[in-house]
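Please treat every number below as a calculation from the coordinates, not as lab data. Everything quoted here is computed from the prediction, not taken from an experiment. We place every Cβ from the backbone using ideal geometry, glycine too, and count neighbours over all the protein chains shown.
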């Protein structure tokens, strides 16, 4: 049964999230999941088999907090770099990137590219 939407933007977000979710659910690799709000960006790595969260990094965590604004591309790059460093400490090299229905653009793209530059493969 189709869900009724009053907001076209929400309908498109849910459609993207569904498409991304089905392809990620098949994988047994660790997942790098991204969530962005207006002020912050969050990234977590969870185990593919059990679903338990292994690493969590955000613009609110002590490793990333800076004096500047937290809702911009520079902050997202810092989060990507720190999450990749923590993953290497736990010997996680390959992950599946879950953009969680967000467009691969702007802060989400900056986080992904910074994580790739720091050594994560996806």
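Estimate the FRET efficiency between residue 15 and residue 39 by the formula 1/(1 + (r/R0)^6), using the beta-carbon distance for r and 22 Å for R0, to the nearest 0.05. Spell out each step's value before the answer.
Numbers: r = 26 Å, r/R0 = 1.17.
According to the calculation, E is roughly 0.30.
Relative contact order of the chain: what whole-number percent is it, with Cα pairs under 8 angstrom and at least 6 residues apart? Each step should come with its number before you reach the end.
Values: 204 pairs, mean separation 33.6, N = 122.
Relative contact order comes out at 28 percent.
If you take every DSSP beta bridge fully contained in segment 3-119, what fraction is antiparallel? Give it as a percent rounded to 5.
That works out to approximately 75 percent antiparallel.
If R0 is 22 Å, what FRET efficiency do you get for residue 117 and residue 72 from their C-beta distance, rounded to 0.05?
Using R0 = 22 Å, I get an efficiency of 0.75.
Between segment 1-20 and segment 67-118, how far is it from one alpha carbon centroid to the other, in angstrom?
25
Starting from the Cα-Cα distance between residue 56 and residue 85, subtract it from 0.36 nm times their residue separation and give me the gain in nm to one decimal.
Length gained between residue 56 and residue 85: 9.3 nm.
Give the value in nm², to one decimal: projected area of the alpha carbon convex hull of the chain, averaged over all directions.
The orientation-averaged projected area of the Cα hull of the chain comes to 8.2 nm².
Tell me the label-point distance for the pair residue 22, residue 63, using the 7 Å Cα-to-Cβ offset, in nm and rounded to one decimal.
3.4
Quickly rank 93-100, 115-122 as a protection proxy: mean count of other C-beta atoms within 10 Å, highest first.
Going from most to least packed, we get 93-100, 115-122.
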